Amino acid sequence: MDNKVSPKESTLPPISSFFEPNKSELWGIYTSNLLRWDNVKKIFVFQLSYYLDIFNNINYAYQTKEGKSLAAINNSIYQIDFSKNQFDTTKFLNFPNLKSQQIRAFHQDIKGFFYISDTYNRLMIIQVINGRVNPIKTFDNLGECYDFHEAMKEQKLWLATSQGLFVLDLQSLWKNGKNTPSSALKNIQALPSISYYSVLPDRQDKLWLSSSNGILQYNIHKNQVYHYNKSDGLQGMAFNQGAFLQASNGEIWMGGADGVNVFHPDSIRHKTDFPRILIENIKINDVNNNFKQNVQLLNQLPRLKYNENTLSFDFLALEYNNPESIQFKYRLTGQDTAWVMVNNPGFIRFSKLPAGDYTLELMATNSDGVWMPATMAKKVSFYIPLPWWRTWWFFLLCIVLVGAAVYGIVAYRFEQALKIERMRVRISSDLHDDVGTILTGLAMQSEILELTANETTKPKLQRISELSRSAMSHMRDTVWAIDARKDKLENLLDRMREHAEETLAPKGIAFDFQVDQLDLHKNVPSHIRRNLYLIYKEAITNTAKHSNGSAVHIQLQKIDATGLEMRIHDNGVPLQKEYKTTGAGLGNMRMRTEQIGATLQLDTSSGFLIIIHLPRIS
């Protein structure tokens, strides 16, 4: 960039405003003086005959498309006429109804809307209809606005303010007017939040911004920023408000406290070389590690332990010309895909990373702010393993151990069940073969002795014979209940039919046995089978002994999914006794129903009915 000098070689005038009335003249405002640019000597020449106090109050200079030179002075806009021999000002617009303070900047778009910025940190949008000011929209808390650029193709208005660069959607404003939403005005987040004094476009639709911290170029299509500083030839880092101009030949003029910078955007060439990224140090769990290989050459960290999951990196870019202009961005693939901006030199710390594969990618700009291509990015990969208790082989080992334990328990219980069944079969066989034989022999011997005994002894022998046969009957019931080979429901039903045949037939009582929807091959636990049978046996025995009926109906049917209901109903007429019996049959039946979780119901309204309701038979 060219640095222009003043007539006095020792000092450079702090230009506050520029005017270009025509393509052959360029004027600048310095304190209360009007200066003309001498294109031959390349200096500003003082024009003392044009000394006016009004020049010291110019806040903003504006050149219309028709060639009019306008200036914001106090709360009004003036038109300024330049010539070689005379200078004149005429009030162009006045805004008394807006009660504005000092006008900072203004602009008129192609639709005729005026954009006025004042010292109240607001942007006022108005229309002038028949000389009357018509307020359209006001945006507050915007900061002081110093310059505008209207991009007619995109229908957007760019604003350089003390709080950053903003863009206004003109299409939304023209369509909605006073109802324009606040979201129509947006801040450009890619730019630093500093004061911008100018927004000047070039032929590639890039915006050139003078600011409180150098000159910036903003590519609106790529959202890319280039930052220029003293090392690029600037007069200084601070520029003046209003001291900027885009000349008719395409040159851009920007003035600051130490002089003026003039350049043509087409002549600016950015550097194509990029700094080398150097990783200086890597800490694991905040402790320096002595890697066998030089840390600056590492692209892959040695295998880490599962608890070595806090890593920090110190890095920098090797740029000696202007290192403070270098910017970094990084991302950790495996954790996040977003890039994070950092300064040069940089420091990153990742805390408590979960297990997985990671790659740290680092990219840097050169001193012109151009980002290096992705192929040049510095990459460091590392792997954090799972803790041993979360590895696949540990889960597999747990599954095997649990499976073995379950198998052992099941096998043990199965073996114990087989032992119990074998023992039940053995006991039932022993009782049947040994005790049964003894009782049968005792009964037969009693009957034989009864034939030769005298009348006094016969009743006793008969009693012994009866007791022996009763013991045999009880023993058969016990043997049947114990025998593991009789655990199915069909065995219980066979035993019930057998007892009904033995008990009711000799008494001349008819019976029918009905079974509905029961799975005859279903196993029934021995205690349920035994108690259910004894309840049934007590009911049939009572019918044979005490009922005066001629028939008994026996029904077993399925209820719900797993239950059973047993009904025993005779057609006898219950006799009302004048005394209380001492029998325990009904009490035993109630006790046995409770033991197997069943309920007992009695009904004597029509014969004698017993209902056993068992919710589960297994």
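The values are calculated or read from the model by the stated rules, or taken from the named source; none is laboratory data. On a predicted model such as this, the values are computed, not experimentally measured, just so you know. All Cβ positions, glycine included, derive from the backbone under ideal geometry; neighbour counts span all protein chains shown. We work out accessible area using only protein heavy atoms, side chains counted, and drop any ligands, DNA or RNA first. Shrake-Rupley method; radii C 1.70, N 1.55, O 1.52, S 1.80 Å.
For region 333-344, take each phi angle, set θ = phi - 60°, evaluate the Karplus expression 6.51 cos²θ - 1.76 cosθ + 1.60, and give the result in whole Hz per residue in order, putting x for glycine and proline.
5, x, 10, 8, 10, 7, 7, 10, 7, 9, 8, 10
Using the Cα centre of region 183-260 as origin and beta-carbon charges of +1 (Lys, Arg) and -1 (Asp, Glu), tell me which of 207, 226, 187 is placed farthest towards the positive end of the dipole.
Going by the charge dipole, the pick is 187.
Take the alpha-carbon centre of region 342-412, take the same for region 544-571, and report the distance between them in whole Å.
Here the two parts' Cα centres lie 72 Å apart.
What spacing in nm lies between the two simple spin-label points modelled at residue 413 and residue 341, each 7 Å away from Cα in the Cβ direction?
6.7 nm
Take residue 595 and residue 39, extend 7 Å from each Cα along the Cα→Cβ direction, and tell me the distance between the two endpoints in nm.
Reported label-point gap for residue 595 and residue 39 is 12.6 nm.
Once amide H atoms are built 1.01 Å from N in the peptide plane, which residues 5 or more positions from residue 165, or in another chain, come under 5 Å H to H?
It is 188, by chain and number.
Given a 1.4 Å probe, how much area per residue of region 508-618 is accessible, in Å²?
On a per-residue basis, region 508-618 sits at 56 Å².
Which whole-Hz couplings ³J(HN,Hα) result when phi for each residue of region 126-139 is put into the Karplus expression 6.51 cos²θ - 1.76 cosθ + 1.60, θ = phi - 60°, listed in order with x for Gly and Pro?
After applying 6.51 cos²θ - 1.76 cosθ + 1.60, I find 9, 10, 10, 10, 6, x, 9, 7, 10, x, 10, 7, 10, 10 Hz.
Could you sort 460, 522 by accessible area so the largest value comes first, with the probe set to 1.4 Å?
460, 522
When Rg is the radius of gyration of the Cα atoms in region 319-423 and Rh is its Kirkwood radius, what does Rg/Rh come to?
1.51
If you place +1 on the Cβ of every Lys and Arg, -1 on the Cβ of every Asp and Glu, and leave all else neutral, what size is the dipole of region 333-424 about its Cα centre, to the nearest 20 Debye?
My answer is approximately 620 debye.
Using 0.36 nm per residue, how much length does the chain from residue 405 to residue 190 gain when fully extended, once their Cα-Cα distance is taken away?
71.1 nm
Residue-wise, which Karplus ³J(HN,Hα) couplings in Hz belong to region 176-189, taking 6.51 cos²θ - 1.76 cosθ + 1.60, θ = phi - 60°, and x for glycine or proline?
9, x, 5, 8, 4, x, 5, 5, 5, 10, 10, 8, 8, 6
List every residue whose amide H lies under 5 Å from the amide H of residue 260, counting only residues 5 or more places away in sequence or on a different chain, with H placed 1.01 Å from N in the peptide plane.
Counting only residues 5 or more places away or on other chains, the set is 4.
If the chain between residue 519 and residue 119 were fully stretched, how many nm would it gain, using 0.36 nm times the residue separation less the Cα-Cα distance?
Computed gain between residue 519 and residue 119 is 134.3 nm.
Quick one: order 318, 209 from most to least accessible surface, probe 1.4 Å.
318, 209
Hey, rough spin-label estimate for residue 557 and residue 264, points 7 angstrom out along Cα→Cβ, what's it come to in nanometres?
The modelled label-to-label distance comes out at 11.0 nm.
Could you sort out which of 23/68; 156/186; 153/178; 137/175 sit more than 18 Å apart by Cα distance in this structure?
Violating the 18 Å Cα-Cα cut-off are 153/178.
Per residue, how many Å² of accessible area does region 314-395 show with a 1.4 Å probe?
53 Å²
In square angstrom, rounded to the nearest 10, how much accessible surface does residue 260 have for a 1.4 Å probe?
Rounded to the nearest 10, that gives 10 Å².
Could you sort 593, 89 by accessible area so the largest value comes first, with the probe set to 1.4 Å?
89, 593
Provide the solvent-accessible area of residue 410, counting protein heavy atoms only and rolling a 1.4 Å probe, rounded to the nearest 10 Å².
Taking all protein chains as shown, residue 410 has close to 90 Å².
Expressed in nm to one decimal, what extension gain is obtained for the pair residue 546 and residue 273 from 0.36 nm per residue of sequence separation less their Cα-Cα distance?
In short, 86.5 nm is gained.
Quick one: if the Förster radius is 22 Å, what FRET efficiency do residue 291 and residue 395 give, using the C-beta to C-beta distance and rounding to 0.05?
Rounded to the nearest 0.05, the efficiency is 0.10.
Using amide H atoms built 1.01 Å from N in the peptide plane, name the residues 5+ places from residue 346, or on other chains, whose amide H lies under 5 Å from its own.
Under 5 Å from the amide H of residue 346 lie the amide H atoms of 315, 316, each far enough along the sequence or on another chain.
I'd like the carbon and sulfur percentage of the solvent accessible area for region 320-405, probe radius 1.4 Å, heavy atoms only, ligands and nucleic acids excluded.
63 percent
At R0 = 25 Å, how high is the FRET efficiency between residue 376 and residue 283 if r is their beta carbon distance? Nearest 0.05 is fine.
Calculated transfer efficiency: 0.50.
May I ask you to give the solvent-accessible area per residue for region 223-301, in square angstrom, as obtained with a 1.4 angstrom probe?
That works out to 50 Å² for each residue.
Counting only protein heavy atoms and a 1.4 Å probe, tell me what percentage of region 92-162's accessible area is made up of carbon and sulfur.
Looking at region 92-162 in its full context, I get 43 percent from C and S.
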